[in-house]
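Asks: Have a look at this one.
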Amino acid sequence: MNNPLDALPPDLVRGMTMPRLSRRRALQVGGLSVLGLSLAACGIPGAPGSKLGLHAAREEITKFWTEHAKNTGQLNFENWPLYIDVGKGSDHPSLDLFTKETGIKVKYGEDIQDDDSYFGKIQPVLAAGQSIGWDIIVITNGIYLDKLVNLDYLIPLDQNAMPNFYANASPLVLDPSFDRGNVYTMAWQSGMTGIAYNPKYVDREITSWADLQDPAFKGKIGMFADIEDTPNSALCAIGVNPETSTEADWRKAADWLKKQRPLVRKYYQQDYVGPLSKGDLWISLAWSGDIFQANASGSNLKFVIPKEGAPLWTDNMCIPVHAQHPRDAMTYMDFVYQPKIATMLAEYINYVTPVPATQPLILADAKAATSKDDKEALTELADSPLIFPSQADYSKLHRYRVLDSAEEKIWDGLFEPIYES
Amino acid sequence: MGARLRARLAPYWLVLPAWLWLVIFFVVPTLIMLSVSTMTGNLLDGFKQTFHWSTYSDGWDAYHVQFVRSIVYGLVATVLCLVIAYPVAYWIAFRGGRHKSTLLFLLLLPFFVSFVIRTQSWNFILSDNGIVLSPLKHWHVLGKDYHVLQTPMAVVGGLVYNFLPFTVLPIYVALERVDPALLEASSDLYANKATAFTKVVLPLSMPGVFAAVLLTFVPVASDYVNATILGGPKTTMIGNIIQTEYFTNSDYPTAAALSFILMAALLIGVFAYARVLGTEDVLEMAAA
């Protein structure tokens, strides 16, 4: 347990920042882009294949963290919108507390709209061997996290600097299937993809994915322009567990989505909650926490996990290569795994918290709350299966299908045309 | 090496910056993209030049609907822009008087706001239960389920709204140069107002109209922002496809091939259009 890397296959440990290699690669790529024509002649180089063995790789990682043993006093943290606690005004109490306790100043960004476009944004910069300017980025498990790992774009974490994580992380995010041994990631929050609807326009109980195909909602149905949530939800809809699905299942799921397509108003990126509250949409694919948050600020929407089951995902903090303050990043990532801090986040974000020890703390806050509204909201939060799913809930929730590159081609070919054109 | 030779070379030296600009920022990138369009591979293994020309036919097979749609939207939006822009330009040029520059400034004023914000604001204005549709639905002018957003109407409307100034300005410049004395002369020659317009003003403004059509149609046909913000599943334009292929799917060859098909289609269209209108107009337009 001291060094989880020991137990790992070499390909997992392969990725790391290797100053010599990355510099050479930077020169390579940089030089090629300057001499555009030679680039055109030779092709665009792919990821560098590390020739180092497991032992050397482990030593390189240790060396890297020894070289970056001290905090620099600065941390640049890039996250998704509305994904952290907000205090009076627009400050973030948990970040302020972090600065107070560690002396590390935080620059906080909220520019990640979805994984694919964010990957498209940072990929050329990382490929050119440059820093993207952020020390922590938050990426959902799935195709794009796998790509970041396989392209050696993430720095393996310092396993000796994660005491809070190993003490408090829930089984859901400890040693997860998409990052065995937490080599590259620590979870930020998890959530479910289900159905949200506006009871003002939908006058019956929604229970099934089939409700997203009801012709009565024609032109008022929202879906996601997303290569994970939309296909994996469709797989659940046809009664298949996405994790173990086969190509034949994918074809059936694609047919399900094609049948639904004439009824769909729009395939949304991130902006479906507004139309849902306004009535442009009546019913939509949705993320659990979004609906909880919207209701906290006055909307009256409902969220359900359909009876056929639903996708469960985890957003992960990770450190991109060439990050300028990797130690500060490690310090912060472990910092948020203290139950006290995780509670501050959970009470605001309303997704599935990675620290189960927050539940009694939230209840304690509810008891201590002075206003009746706060008390009710916090109690509801602590009891909500969307924040603290029960074992029965988990049996209905499935991870995304993990795809190898040949499968990914088939998957993309089946599902992309449905929402892209 | 006499002074005479140097004098003869001088024009070439002077034109050099323009050539360099064109080569570095147009010719080289175009060649690179041309080369990328025939590569095969993926992000992990890299892309290799294999002269895989069938990317072009595959791209056309998969996305010809979006190509045709973009051209149709482009044509409709351009015609609407012309119909709206010509009277505006005419009015400013002939009736603007001393307020001409103020009026032109007002025309450009919306441009000082980010066009993403301007387009996004139509989402509020045209919302199903928003300030426009909700009274109309209340008075039963429109059905309960009627909506504008995510329809072709919304996308074409957004395109017209965003590109209108590109249509107005060239027409205005052409009309501004029409000497009002010519109108007096035509009325001396017994032309009524309509004849004076069709026989004198309109022909003289044609170079401006030509430029306006180019400046509107070309960017409109390759636009993707309006379709992203105001459109739905049935209004995707080829610009959206190229954007997704490039930035989301990292399928650089397909994105490059689609760009070239679009470029070829637009160039052929523009040259055909120039032939029909006559080369004289093109040269005049260039001079304008």
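The numbers here are math on the coordinates, done by the rules we state, and not lab data. Owing to the predicted nature of the structure, the values given are computational and were not obtained by experimental measurement. Ideal geometry is used to build each Cβ from the backbone, glycine not excepted, and the neighbour counts take in all protein chains shown.
Asks: Could you check which residue among A:Gly309, A:Gly120, A:Gly142 shows the biggest mean-square fluctuation in a GNM of chain A with a 10 Å Cα cutoff?
Replies: Highest fluctuation of the listed residues: A:Gly120.
Asks: Between A:Arg261 and B:Leu103, what is the spin-label point distance in nm, taking each point 7 Å from the Cα along the Cα→C-beta axis?
Replies: Distance between label points: 4.8 nm.
Asks: Helix-only estimate, please: 222 nm mean residue ellipticity of chain A, summing -39500 (n - 2.57) across DSSP H runs of length 4 or more and dividing by its residues, to the nearest 500.
Replies: Using -39500 (n - 2.57) per qualifying helix, the result is -12500 deg cm²/dmol.
Asks: Grab the other residues whose beta carbon is less than 14 angstrom from that of A:Ala248, score K and R as +1, D and E as -1, and report the net.
Replies: -1
Asks: Fully extended, how many nm does the chain gain between A:Gln269 and A:Ala167 (0.36 nm per residue separation, minus their Cα-Cα distance)?
Replies: 33.1 nm is the gain from fully extending A:Gln269 to A:Ala167.
Asks: If each DSSP helix of 4+ residues adds -39,500 (n - 2.57) and the sum is divided by the residues in chain B, what number results at 222 nm, nearest 500 deg cm²/dmol?
Replies: -23000 deg cm²/dmol
Asks: Give the lysines whose C-alpha is closer than 22 Å to that of A:Lys105, dropping any in the same chain fewer than 8 places away, or say none.
Replies: A:Lys105 reaches A:Lys70, A:Lys88, A:Lys340.
Asks: How about A:Lys266: which lysines have a C-alpha closer than 17 Å to its C-alpha, ignoring those fewer than 8 places off in the same chain?
Replies: Partners within reach: A:Lys218, A:Lys220, A:Lys258, A:Lys278, B:Lys234.
Asks: Just checking the output field for B:229-236: average partner chain Cβ neighbours within 10 Å of each residue's Cβ?
Replies: Mean shielding by partner chains, rounded to a whole number: 4.
Asks: I would also like to ask the following. Taking the square root of 5 times each eigenvalue of the Cα gyration tensor, what semi-axes in Å does the equivalent ellipsoid of the stretch A:265-326 have, largest first?
Replies: Square roots of five times the eigenvalues give 29, 16, 13 Å.
Asks: Which whole number gives the average, over all residues in B:242-250, of C-beta atoms from other chains lying within 10 Å of the residue C-beta?
Replies: That works out to 5 on average.
Asks: To the nearest 0.05, what FRET efficiency results for B:Met263 and B:Phe111 with a Förster distance of 25 Å applied to their C-beta separation?
Replies: Efficiency for this residue pair is about 0.45.
Asks: With the contact rule set at Cα under 8 Å and sequence spacing of 6 or more, what percent relative contact order holds for chain A?
Replies: Relative contact order, chain A: 23 percent.
Asks: Dipole of the stretch A:258-393 (Lys/Arg Cβ +1, Asp/Glu Cβ -1, origin at the Cα centre): which of A:Met333, A:Ser384, A:Leu345 lies farthest to the positive side?
Replies: Sorting the options by dipole projection puts first A:Ser384.
Asks: Treating only the Cβ of Lys, Arg, Asp and Glu as charged (+1, +1, -1, -1), what charge dipole size does the protein assembly as shown show about its Cα centre? Round to the nearest 20 debye.
Replies: 2000
Asks: List A:Ile319, A:Ile418 from most exposed to least, where exposure is judged by having the fewest other Cβ atoms within 10 Å.
Replies: Exposure proxy ranking, most exposed first: A:Ile418, A:Ile319.
Asks: On to the next question. If each residue's Cβ is checked for other Cβ atoms within 10 Å, how do B:Asp179, A:Asp114 rank with the fewest at the top?
Replies: Starting with the residue having the fewest Cβ neighbours, the order is B:Asp179, A:Asp114.
Asks: While we're looking at this one, here's another question. How high is the relative contact order of chain B? Use alpha-carbon pairs under 8 Å, at least six apart in sequence, and give a whole percent.
Replies: Contact order relative to length: 26 percent.
Asks: Follow-up. Mind running the shape call on the stretch B:10-83? Use the C-alpha gyration tensor, a ≥ b ≥ c as the square roots of the eigenvalues: rounded below 1.5 for a/c, prolate if a/b tops b/c, oblate otherwise.
Replies: The shape class here is oblate.
Asks: Enumerate the residues in the stretch B:199-234 having an amide nitrogen under 14 Å from the point lying 7 Å beyond the Cα of B:Arg177 toward its Cβ.
Replies: Correct set: B:203-212.
Asks: What order do you get for A:294-301, B:107-114, A:258-265 when each peptide is scored by the mean count of other beta carbon atoms within 10 Å, highest first?
Replies: A:258-265, A:294-301, B:107-114
Asks: Tell me the label-point distance for the pair B:Asp145, B:Gln49, using the 7 Å Cα-to-Cβ offset, in nm and rounded to one decimal.
Replies: Calculated label separation equals 5.6 nm.
Asks: Stretch B:Arg275-B:Ile131 to full length: gain in nm at 0.36 nm per residue minus the Cα-Cα span?
Replies: Taking 0.36 nm per residue and subtracting the Cα distance, the gain is 47.2 nm.
Asks: Within a 10 angstrom radius of each residue's Cβ in B:55-64, how many Cβ atoms of other chains show up on average? Whole number is fine.
Replies: Per residue, the number of nearby Cβ atoms from other chains is 1 on average.
Asks: Moving to a separate point now. Quick one: putting +1 on the C-beta of Lys and Arg, -1 on the C-beta of Asp and Glu, what dipole do you get for the stretch B:13-132 around its Cα centre, in Debye to the nearest 20?
Replies: Magnitude of the dipole: close to 680 debye.
Asks: Determine which lysines satisfy two conditions relative to A:Lys121: a Cα distance under 21 Å, and not lying fewer than 8 residues away in the same chain.
Replies: By straight Cα distance, A:Lys121 reaches A:Lys107, A:Lys147.
Asks: Taking the Cβ of each residue in B:Ser121, A:Ser277, A:Ser90 as the centre, tally the other Cβ atoms inside 10 Å and list the residues starting with the fewest.
Replies: The order, fewest Cβ neighbours first, is A:Ser90, B:Ser121, A:Ser277.
Asks: Can you compute the charge dipole magnitude of the stretch B:56-287 about its Cα centre, using +1 on each Lys and Arg Cβ and -1 on each Asp and Glu Cβ, nothing else charged? Give it in debye, rounded to the nearest 20.
Replies: Computed about the Cα centre, the dipole is about 680 debye.
Asks: Let me ask something additional. For the stretch B:159-257, what's the relative contact order in percent, using C-alpha pairs closer than 8 Å and at least 6 residues apart?
Replies: The normalised contact order for the stretch B:159-257 reaches 26 percent.
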